[in-house]
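Right, one structure below, let's go through it.
The values are calculated or read from the model by the stated rules, or taken from the named source; none is laboratory data. No experiment lies behind these values; they were computed from the predicted model shown. Here the Cβ positions follow ideal geometry from the backbone for every residue, glycine too, while neighbour counts run over all protein chains shown. Surface accessibility is based on the protein's heavy atoms, side chains included, excluding ligands, DNA and RNA. Shrake-Rupley method; radii C 1.70, N 1.55, O 1.52, S 1.80 Å.
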Amino acid sequence: MAQLPITFTKNRRQFGTNRCKPRDSRLIHKFPDMKRSALLSRHDPDTTQAQRQDIAVVREGGAASDLDKAVLGGGAMFIASGVGNGLNYLFSMGLARVLGPVEFGLYAIGVTYFNILSQIAPLGAAIGVIKFVSESMARNERAYAYDTIKLAIKITLISSMLIAAILAAGAMPISHYLYSKPDLRPVLILFAIAIPFAASTTVLVSALQALQIIKPTILIKYVWEPVGKVVLAGATLFMGYHLLGAVAAIGLVIAVGTYMAIRVLQAESFSGITKTESAKASRFQEFVLFSSPVAISNIFGVVAPRSDILILGYWVSAQEIGVYLACLQTAGIITLVLGAFETAFAPFIARVLMLNDEGQLKTVYQSLSRLVVLFTVPLWVLLNMLADPILGSFGDAFRAGWVPLAILTTGHLVSSMASSPNHILLMGGHSQTVMLNTIIIGVLQIVVSLILVQYLGTVGAAVAATGALLTITLTRVFQVWRRYHILPVSIHLLKPVVGGMVMMVTIFIARQILGPAPYGLDILIIGALGLAAYLGCQLVFGLESSEKSLIESLIKRVSAQTSGVADEGHSNNDVVKIGHRNK
């Protein structure tokens, strides 16, 4: 039989007959029960019906409909994360007002240690779960998916308990000798107790994400955790327990979230797996070899971006640290957009890379960038044009942080335009490259922070953090281009950029005309006018198909929820079951 050109993409110049042989061998290795002819053409007369179904499953990961579903999933995550992280932001704002800048500064140091260590504790298992479980479910290897999740949880529990014990034991020297802040010690001990729960939740949620179970992820991360913190920590503050009571309440909320994630995962249909289906030891070795460089890179990738707080704790007062944390959390609002869409797109990227479909990969890469920029630009304009009243909501002492806020938000905006090159490198199996990136840039950021913080304080910390973020982003974009010859940027990015400029002018004029109003109504009115101008520009320029699909779906969801007739049949499948054939 004559060899047919492979049809995984419409771009035949990239995927002609001459280039399909090496990839065919990889696909046959991944799908040993399928003939070469089955991979080359689903219409081959020698291909059985079962094989044709398998081909449909393989090709489903690169289908345009699945990209639409990933877009919708990202939109759902964006709305959920917006609500959940909005509550988290309001909680931090209220905590700062109740505690004051000094105690809030102690909280900033403690929560920074907690965030660093709880993200290091999984030792790369969270990323490994997303990659290997997504691929296993695409191949219907449920046994390997199940065993991979168990292995990741075991690794996380052992490492997180050890790390928590080290932090608790080192709380006294850290607080007394390093920072000369004795009141920091009990804060560090309470956060140490919460580390195993937070690390376990990270891996469990990654497993749910890989299995495309999005609704429980939303409920745990963006409903329970923020609402629980507001209610429980708010109650402890009301009863007069102040900082320690709030930290203890946060730990309790995280522990309950861990329990909820375990219960959801236990409900998955893994009960039919027998011992004979157990995954091979070589597959576990592959998982560990992939996760190990990720674990090393996480140490630098987590420590370096937060080194500004740790270094500031040595050089400046607790009040300045509190102001800087308010700037960090406010600027972090921009990152929610990319984080939400990455959650939905990451498993899809893994499947597309598994098929080596560069045409579809380029579509995903640029679609993700366009959607992220569409929502990121108006956030950047709002946070900078209304910086004074926003920071003033934390307290009058926090208004001084507008310069670090402008620097940090600009770095996040430019980084968001690059879409998700790090995910592409990781899902493509280049974990060692990611490790080298984070180590080199992380060390550079720490060195620059040590120099600048001494002379510029919080402004120097913001400059160092932004410089490192932009450097590593450009490095990753170049590495993806070198390997796959794709870039995240396209001419369509000009639309939101121009719209952002119009929005800035609108807000500036509105602030000159409208005077201050009670209860922050002036901020709401001016912000609404700016957003209306931005949306009007996008409608004039014209929306892309993925953007229209996202907006139409979100409107339908809101209408259905409002009328109380939401279709439960789409609870999980609306988000995306890419490459997974329902049985």
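Here are the numbers for this structure:
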| quantity | calculated |
| --- | --- |
| Subset tally (residues that are surrounded by 24 or more Cβ atoms within 10 Å (Cβ to Cβ) and at pLDDT below 85) for the range 399-417 | 1 |
| All positions within the range 117-137 that are over 16 Å from L289 (Cα atoms) and either in contact with a Cys (Cβ under 8 Å, 6 or more places away or on another chain) or crowded, with 24+ Cβ neighbours inside 10 Å (or both) | S118, A121, S134 |
| The range 453-478, residues that are among the polar types (S, T, N, Q) and surrounded by fewer than 19 Cβ atoms within 10 Å (Cβ to Cβ) | Q454, T471, T475 |
| Residue selected from the range 178-227 under the condition assigned to a loop (DSSP other than H, G, I, E, B) and of a type outside the set (S, T, Y), by the criterion most open to solvent (accessible area, probe 1.4 Å) | D183 |
| Residues that are aliphatic (A, V, I, L, M), within 19 Å of the chain's Cα centre (by Cα) and either open to solvent by less than 30 Å² (accessible area, probe 1.4 Å) or at pLDDT below 85 (or both), drawn from the range 362-385 | V364, L368, L371, V372, V373, L374, V377 |
| Residue within the range 156-177 that is open to solvent by 40 Å² or more (accessible area, probe 1.4 Å), assigned to a helix (DSSP H, G or I), within 14 Å of A210 (Cβ to Cβ) and hydrophobic (A, V, I, L, M, F, W, C) present | no |
| Breaking point among (1) outside any helix (DSSP H, G or I); (2) in contact with a Gly (Cβ under 7 Å, 6 or more places away or on another chain), for S419 | (2) |
| Selected residue [in a helix (DSSP H, G or I), under 24 Å from E103 (Cα atoms) and touching a residue at least 40 places away in the same chain (Cβ under 8 Å)] from I333, I321 | I321 |
| Failed item, numbered, when G251 is tested on (1) at pLDDT below 90; (2) crowded, with 17+ Cβ neighbours inside 10 Å; (3) among the small types (G, A, S); (4) within 30 Å of I333 (Cα to Cα) | (1) |
| When residues of the range 64-91 are limited to those that are open to solvent by less than 10 Å² (accessible area, probe 1.4 Å) and not charged (D, E, K, R), the one modelled with the highest pLDDT | G84 |
| Neighbours by Cβ (under 9 Å, 6+ apart or cross-chain): first from the range 421-447, open to solvent by less than 10 Å² (accessible area, probe 1.4 Å); second of a type in the set (V, I, T) and outside any helix (DSSP H, G or I) | I424/I486 |
